[in-house]
1. Please list, in order along the stretch 79-96, the HN-Hα scalar couplings obtained from phi with the Karplus expression 6.51 cos²θ - 1.76 cosθ + 1.60 (θ = phi - 60°), rounded to whole Hz, x for Gly and Pro.
2. Where does each of Thr75, Thr49 land when they are ordered by accessible area, with a 1.4 Å probe and the largest first?
3. Determine the dipole magnitude for the chain: charges of +1 sit on the beta-carbon of Lys and Arg, -1 on that of Asp and Glu, nothing else is charged, the reference point is the Cα centre, and the result goes in debye to the nearest 20.
4. Going from most exposed to least, what order do Val99, Val73 have by accessible area with a 1.4 Å probe?
5. Which net charge results when you count Lys and Arg as +1 and Asp and Glu as -1 among the other residues whose beta-carbon is under 13 Å from that of Cys10?
6. Within the accessible area of the chain, what % is carbon and sulfur when the probe is 1.4 Å and the other protein chains stay in place?
7. What ³J(HN,Hα) values, in whole Hz, does the Karplus curve 6.51 cos²θ - 1.76 cosθ + 1.60 give for the stretch 17-28 when θ = phi - 60°, with x put for Gly and Pro?
8. Give the angle, between 0 and 90 degrees and rounded to the nearest 10, that separates the Cα long axis of helix 30-45 from the longest principal axis of the Cα atoms of the chain.
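The values are calculated or read from the model by the stated rules, or taken from the named source; none is laboratory data. Not measured: the values here are computed from a predicted model. When we count neighbours, we look across all protein chains shown, and the Cβ atoms used for this are built from the backbone with ideal geometry, even at glycine. Accessible surface is based on the protein model in full, side chains and every heavy atom, while ligands, DNA and RNA are left aside. Shrake-Rupley method; radii C 1.70, N 1.55, O 1.52, S 1.80 Å.
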Amino acid sequence: MNYKKNLELCREIIGKSRTIAISGHINPDGDSLGSLLSLGLGLKKLKKTVYMISADRIPGRYRGLPGAGDVIVYTRKKCDLAIAVDCGSKELLGNTYKVFKRA
């Protein structure tokens, strides 16, 4: 597998996208939320419109993380790109998969 080529392709796709949705798996844990928040906040610094979405509410112990208040349960917005983090299958996206189908 050519990782350098794959990373370049990711950079190109993200660079061309203006509106990006990011979601982790259902019943989010620290790994999923950390991935979601770090990527989301990083993309916002690149001046992207970012929707950080979760199929389930964020557990109380994680609500103090930077950016956690920006996570929404669902969006009807059309996105150029949807990115799944810490998620091995579309079933684990829960109802956020609808956003992925529209992106």
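1. 10, 5, 8, 10, 10, 9, 10, 6, 9, x, 7, 5, 4, 6, 7, x, 6, 6
2. On the way: Thr75 10, Thr49 65 Å².
Heavy-atom accessible area, descending, gives Thr49, Thr75.
3. Working: 19 positive and 9 negative charges, 113 e Å.
So the dipole magnitude of the chain works out to roughly 540 debye.
4. Details: Val99 0, Val73 75 Å².
The most accessible residue leads, giving Val73, Val99.
5. Values: positive: Lys4, Lys5, Arg11, Lys16; negative: Glu8, Glu12.
It works out to a net charge of +2.
6. Numbers: 3520 of 6590 Å².
Summing carbon and sulfur atoms, their accessible area is 53 percent of the total for the chain.
7. Listing the rounded values in order: 8, 9, 10, 10, 9, 10, 9, x, 7, 4, 6, x Hz.
8. 50
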